[in-house]
Amino acid sequence: MFRPARMCMIDCIFGKDDLDALTASLRRTGIVQIDYLSEKTLLEKQVGRGEPSADFEVSQKLFERVEKTLSPLSRFAKKRSALDSLLDVGEKICFTAKPKHSRELFEYAEKTLSKTEEEVKSLSTERETVLRENEALGKRMLQVLPVSSVILHPGDLKNSERLTTVLGYFRRDPKTQVEKTAVSFRKPLVFETFPNVGRFHPAVFCVLKEDEARLFSTLDAVGFTRVKEYFEASPKECLFILEEKIELNKRRAAEIDLRLGEISSSRRDRLLALREMLANEKQRSKILSNCGRTEKTVFMRLWTPKRSCGEITSLIVKTTFGACHIEVEWNPEDAPTLIENPKYLESFEMLTRLFSMPKYNQIDPTLIIAPTFVLFFGLMLTDFSYGLILALTSVYLHQKYSKISKSVRDLSVILFTCGLSAMLFGVLTGSYFGDLVGTYILGGKPQDIAVLMDPLYGNNSIILLAAVCATGFLHVFTGYLMGALDSIRRRNFRKAVTNYLSWYLFAAGLGVTTLSAGGIIPQSFYHAGIALTFISLALLYTGLGFMFLIDIVGVVGNSLSYARLLALGLTTAGIALATNLLANIALDIPYAGIPLAITVFIAGHLINLLMNTLGGFVHSLRLQYVEFFGTFYEGGGRQFKPFTYEKNYT
């Protein structure tokens, strides 16, 4: 329970012809990690680096084809709810996989793709073409729209050998602008204005060819925008034609989307399952690159729990028909870490992994983290009603997502236990939506219904401050005990005494000296306490050097850091009390009092619940990761990753 699962290392050599059968058999067990061999190991064993099998390239190409086929269909997948997105939970499809071997899988993939790939590719290409065309038509419409009231024939707008015709629009009153143009130009000029289109005022100018450049500069100076579009009809007719084309393209795009949606609803699940099967096949066919090889043999290093070692070695012998060589190391040093705990603690392993995996020969702190994390959270939320809401929310999450996402399942279990803890401390402190029950329903005080004490009543907060600091002291010293046990298990007795157990001697010596000086225990213990203190300091100096002076200050600081438990607990109670007070004041407002009071009550308590739930999680983790882990935990282990199937859709 306090240690990761005991592992064994299996080195095996077998013929290349047995590779596919053996990897398939090992994968079905789901309890073996195929280790990636370092270059140093390859040199020691005098073997070369393995290469992916021929099936890898085939499965890779098929996988890419499935990906390209799925890409246009992804728009039609069922939209995730806000909660799904927040929890990062994807869809779960249960599809029975039929192929048993790689050849069968490739044939199945080709058959599945033949029904869908070309049609999806053709439709998506056509859709992209239609959308690009509509984008170009839209840009052309933006050019035509400002001059759409011009009813001249296209021939009238074309330049001739001696004349230049300019079509465009003003953004201001055209009369003033045209007058400015005529005055500035001082050359023969023919022009005509047309009805405005919104804020645009179309106009046409015609001049001799030799005056073209002068006209352009004059028009630019008065803010005239030239339209360089070629018109196959009048601008008004062109606009109508463009609108018709865009509408036709939209209809075609809608027809394509409808067909793609039909394909998605009928075949997307099958394609997702196929993609997963091909991903699994890619992983299997690439596994040889983890191993060593010679011309005719494969060298493979496996990790598995000790309890399964016999099963795995028997499986290797059976699959290779005895044509193999196996070496087992029962006490490896640098094994991958497989955390194993009782079922009721499994969800809390997430908190350990969130910081860092323990090394193989290190203590697994999950057994201590689980109860203390829940205890600290309850002390910080400290309200029965908030805890009940949290527990009910976790039940909902567990029922909805437990079969889809392991991380959400673990989170829901942690939330549920934290909710129960908050309910317990709510009963102990008489907090039910703050002082709602004690003050506003029963007409008394929360202290009257508290099983233990209301932290906001009298000097109770001082008592609770001493209690939480004492709790912190015990938590920190539990870490020293864990460190001592870990060192003893490694037979490093010197470190166990000087780095860890000496803190207990220091605390005992200091406590005896203080109690004796205060007259609480006989004076005869005073000198014994002094001696014990100096002995512990000598041991600490032996283990830590002069750094022990900093560590002494750190122990005091870490213990006082647990005062945050009381601070957040008082914050929860204080905000709840203020919310109830504001809601009660709102009740006295005529007409709008009741709805306003309900709004204030719900909003205030909801914000308080969310804010302090988040605060409770963050600060509980902080006390574990900084104060507790800082006394003994190193982390840095590599997680055991079994060679198994990915099963999200199959």
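Quick look at the values:
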| item | result |
| --- | --- |
| Candidates Ile535, Ile521, Ile462 - the one that is within 30 Å of Gly378 (Cα to Cα), β-branched (Val, Ile, Thr) and surrounded by fewer than 18 Cβ atoms within 10 Å (Cβ to Cβ) | Ile462 |
| Count - residues of region 269-284 that are over 25 Å from the mean Cα position of the chain (by Cα) and not aliphatic (A, V, I, L, M) | 4 |
| Selection count, region 299-350, where residues are within 36 Å of the chain's Cα centre (by Cα) and among the acidic types (Asp, Glu) | 5 |
| Filter pass, Leu566 being crowded, with 17+ Cβ neighbours inside 10 Å, out of contact with any Asp or Glu (no Cβ under 7 Å at 6 or more places or on another chain), closer than 17 Å to Ala422 by Cα and in contact (Cβ under 8 Å) with a residue 12 or more places away in the chain | yes |
| Condition met for Asp364 (among the charged types (D, E, K, R), closer than 30 Å to Ile449 by Cβ and in contact with a helix residue (DSSP H, G or I) (Cβ under 9 Å, 6 or more places away or on another chain)) | no |
| Of all residues in region 50-67 being of a type outside the set (Asp, Glu) and loosely packed, with under 14 Cβ neighbours inside 10 Å, the one that is farthest from Arg267 (Cα to Cα) | Ala54 |
| Segments classed as helices (runs of 4 or more DSSP H), wholly inside region 292-402, with at least 3 members that are over 30 Å from Ile488 (Cα atoms) and outside the structural domain of Leu464 (by TED's automatic domain parsing) | 309-319 |
| Cβ pairs under 7 Å, 6+ apart, first in region 44-69 and within 20 Å of Asp17 (Cα to Cα), second surrounded by 16 or more Cβ atoms within 10 Å (Cβ to Cβ) and among the acidic types (Asp, Glu) | Asp55/Glu281; Ser59/Glu281 |
| Region 22-49: number of residues that are in a helix (DSSP H, G or I) and either surrounded by fewer than 18 Cβ atoms within 10 Å (Cβ to Cβ) or within 35 Å of the chain's Cα centre (by Cα) (or both) | 14 |
| Helices (runs of 4 or more DSSP H) lying entirely in region 443-543 (those with 3 or more residues that are in the same structural domain as Gly557 (by TED's automatic domain parsing) and within 41 Å of the chain's Cα centre (by Cα)) | 460-489 |
| Evaluation of Arg172 against (1) touching a strand residue (DSSP E or B) at 6+ places or on another chain (Cβ under 8 Å); (2) among the charged types (D, E, K, R); (3) modelled with pLDDT of 80 or more (one fails), failing number | (3) |
| Answer residue from region 585-643, given it is exposed (fewer than 14 other Cβ atoms within 10 Å of the Cβ) and of a type in the set (Ser, Thr, Tyr) and is farthest from Lys359 (Cα to Cα) among those | Tyr591 |
| Out of Asn612, Asn648, sole residue that is of a type in the set (S, T, N, Q) and either assigned to a loop (DSSP other than H, G, I, E, B) or not assigned by TED's automatic domain parsing to the domain that holds Ser405 (or both) | Asn648 |
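The values are calculated or read from the model by the stated rules, or taken from the named source; none is laboratory data. The model shown is predicted, which means the values in this text are computed figures rather than measured ones. Note: ideal-geometry Cβ built from the backbone for every residue, glycine included; neighbour counts use all protein chains shown.
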